[in-house]
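Peer 1: My questions will all concern the structure given below.
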Amino acid sequence: MAAADDGPGSVLVMMCDGLGHGPLASRAGELAVEAFLGSTAEEPDEVLRLLHGALRGGRGAAVGIARLDLATRRVRFCGAGNISAYVIGEGRRRSLGSAPGIVGHQLPRLRVFEEVMAGVDGTLVLHSDGLTSRWEPNDFPGLFALAPLTVAGQIFNQAAVRRDDGGVVVVRVP
């Protein structure tokens with residue numbers, strides 16, 4: 001599941017993948033969305049700590065949180081579990097790290113990674129482990145100039161692991 005919250009000058013984005021499949025995994029995602037949208041924290045690691053508390057006692061989840069500063073085009077990302085995060089720009093893909101762990105069960109020592117969205121095609125892509133990371137921006141000439149929904153659909157179409165659920169979030173700074 002995914003959620004976004006825009007504030008003055010920034011956007012906070014979450015990608016969550018509840019562990020396993022079925023209703024319990026879905027419930028973990030729902031709880032993460034509720035906690036994310038109810039949070040007043042602004043930094044990705046602070047939000048992740050709050051989600052860790054909200055998911056205790058349940059299935060747990062892999063979660064990635066990104067904060068985009070619209071003025072500086074700086075992305076700050078913090079993740080735990082199998083959430084992939086990439087900043088795309090000028091035909092390159094730069095990875096933002098996610099630590100091993102399970103939000104709600106084993107939260108690792110959190111690190112925040114930073115990148116700047118370069119070029120007019122600057123885009124943030126977050127996806128769950130239901131998609132392979134073997135795609136590259138140059139595999140899709142002109143794609144990152146299109147609408148974020150089109151970008152997400154194409155990445156999902158090309159990279160989805162057919163035996164797993166998957167989610168993709170695409171954010172572009174205007």
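Peer 1: If you take the beta carbon distance between Ser133 and Arg111 as r and set R0 to 22 Å, what does 1/(1 + (r/R0)^6) give as a FRET efficiency, to the nearest 0.05?
Peer 2: Working: r = 19 Å, r/R0 = 0.86.
So, using R0 = 22 Å, E works out to roughly 0.70.
Peer 1: Answer with a single label: of [x] 15.9; [y] 17.0; [z] 16.4, which was calculated as Kirkwood radius over Cα pairs in Å from the structure in view?
Peer 2: [x]
Peer 1: Determine the calculated [θ] at 222 nm for the chain from helices alone, applying -39500 (n - 2.57) to every DSSP H run no shorter than 4 residues and normalising by the residue count; nearest 500 deg cm²/dmol. Display every interim value, and only then the final one.
Peer 2: On the way: 3 runs with 39 residues, N = 174.
Roughly -7000 deg cm²/dmol at 222 nm, from the helical runs in the chain.
Peer 1: Please state the charge dipole magnitude for the chain, taken about the Cα centre, from unit charges on C-beta atoms (+1 on K and R, -1 on D and E), reported in debye and rounded to the nearest 20.
Peer 2: In total the dipole reaches around 360 debye.
Peer 1: Could you report the accessible area of Arg56 in Å², rounded to 10, computed with a 1.4 Å probe on the protein chains as they sit in the structure?
Peer 2: Here the residue's solvent-accessible area equals roughly 140 Å².
Peer 1: Another question about this same structure. Against the longest alpha carbon principal axis of the chain, how many degrees, from 0 to 90 and to the nearest 10, is the axis of helix 44-54 turned?
Peer 2: Between the helix axis and the principal axis of the chain, the angle is about 30 degrees.
Peer 1: Something else about it: Give me the percent of DSSP beta bridges within the stretch 63-174 that run antiparallel, rounded to the nearest 5. Can you show the working numbers first?
Peer 2: On the way: 29 of 30 bridges.
Bridges in the stretch 63-174 that DSSP calls antiparallel: roughly 95 percent.
Peer 1: Just by accessible area at a 1.4 angstrom probe, what is the order of Ser39, Ser95, Ser26 from largest to smallest? Display every interim value, and only then the final one.
Peer 2: Numbers: Ser39 20, Ser95 80, Ser26 45 Å².
Solvent-accessible surface, decreasing: Ser95, Ser26, Ser39.
Peer 1: Ok, one more. Could you tell me the accessible area of Asp6 in Å² (1.4 Å probe, neighbours in place), rounded to the nearest ten?
Peer 2: Approximately 120 Å² for this residue.
Peer 1: Among Ala41, Pro8, Leu55, which residue has its Cα furthest toward the positive end of the charge dipole of the stretch 1-90, with +1 on Lys/Arg Cβ and -1 on Asp/Glu Cβ?
Peer 2: Result: Leu55.
Peer 1: Something else about it: Sort Arg94, Arg109 by heavy-atom solvent-accessible area, probe 1.4 angstrom, most to least.
Peer 2: Working: Arg94 30, Arg109 195 Å².
The most accessible residue leads, giving Arg109, Arg94.
Peer 1: When the solvent-accessible surface of protein heavy atoms is calculated with a 1.4 angstrom probe, in what order do Val125, Val171 fall, highest first? The partial results should precede the final answer.
Peer 2: Numbers: Val125 0, Val171 25 Å².
The ordering from most to least exposed comes out as Val171, Val125.
Peer 1: Count charges around Thr123 for me, please; just the other residues with Cβ under 10 Å from its Cβ, Lys/Arg as +1, Asp/Glu as -1. Provide the component values of the computation, followed by the final result.
Peer 2: Working: positive: Arg93, Arg172; negative: Asp121.
Spelling it out: positives minus negatives among the neighbours equals +1.
Peer 1: Need the full-extension length gain, Ala147 to Leu24, defined as separation in residues times 0.36 nm minus the C-alpha distance. One decimal, nm.
Peer 2: Length difference between fully extended and current span is 41.0 nm.
Peer 1: Report the one residue of Ser128, Val87, Ala99 whose Cα lies farthest in the direction of the positive end of the charge dipole of the stretch 72-174 (charges on C-beta: Lys and Arg +1, Asp and Glu -1; origin at the Cα centre).
Peer 2: Ala99
Peer 1: While we're on this one: Given an 8 Å cut-off on Cα distances and at least 6 residues of separation, report the relative contact order of the stretch 1-160 as a percent. All intermediate terms of the calculation are to be shown ahead of the outcome.
Peer 2: Numbers: 356 pairs, mean separation 30.8, N = 160.
Over the stretch 1-160, the number comes to 19 percent.
Peer 1: Working from Cα positions, state the angle (0 to 90°, nearest 10) between the long axis of helix 148-159 and the longest principal axis of the chain.
Peer 2: 80
The values are calculated or read from the model by the stated rules, or taken from the named source; none is laboratory data. All of these numbers come straight from a predicted model, not from anything done at the bench. In this analysis, Cβ positions are derived from the backbone assuming ideal geometry, glycine residues included, and neighbour counts consider all displayed protein chains. Accessible surface areas use protein heavy atoms only, side chains included; no ligands, DNA or RNA. Shrake-Rupley method; radii C 1.70, N 1.55, O 1.52, S 1.80 Å.
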